[in-house]
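Just so it is clear, none of the values below were taken in a lab; they were calculated from the coordinates. Only a predicted model underlies this, so the values are computations on that prediction, with no experimental measurement involved. In this analysis, Cβ positions are derived from the backbone assuming ideal geometry, glycine residues included, and neighbour counts consider all displayed protein chains.
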Amino acid sequence: MKSLRRTALLLAGIVASGMTLANAQAVIKFENMTHDFGKFTEDKVQTCIFTFKNTGDQPLVIHQAFATCGCTVPTFSKEPVAPGKTGQIKVVYNGKSKLPGHFKKSVSVRSNASNALVRIYVRGDMSAAEGK
């Protein structure tokens, strides 16, 4: 009887630990979801850094970051971000030859996190370059 109970407890422990591993995931949490470049002229390329933290309990891997148009270019590291550590996504906005005025562009970030698709934004007010 003791042997049967020990086996049952051992199996329950294995199942419980397996469930814990199955529920373990990375979670991506950005410090800021939007960056405002403010006012600038079209001849000035704008750059910002979005910092995020892996608040989950598994390594975070960003698979893809893409923008709504070619004027906005995100770059990121392909290296996994350990639980509790931070990473960065650099976003460059080049408004040359674009219409002046207010803009808001989104960058979609896909990862292995429980929140697998997150959107971050850049915005600003661009005016024509001097002499145009």
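Worth pointing out:
- Given K39/K78; K53/K96; K29/K78, the pairs whose alpha carbons are separated by over 23 Å: K39/K78; K53/K96
- For region 121-126, backbone phi angles converted through the Karplus equation (6.51, -1.76, 1.60; θ = phi - 60°) give residue-by-residue couplings of 9, 10, 8, x, 10, 9 Hz, Gly and Pro being listed as x.
- S108-V45 FRET efficiency (beta carbon distance; Förster radius 22 Å; 0.05 resolution): 0.55
- Spin-label model, S97/R123: points 7 Å from Cα along the beta carbon direction are separated by 2.8 nm.
- Under 5 Å, built H, 5+ apart or other chain: amide partners of H35: Y121, V122, R123
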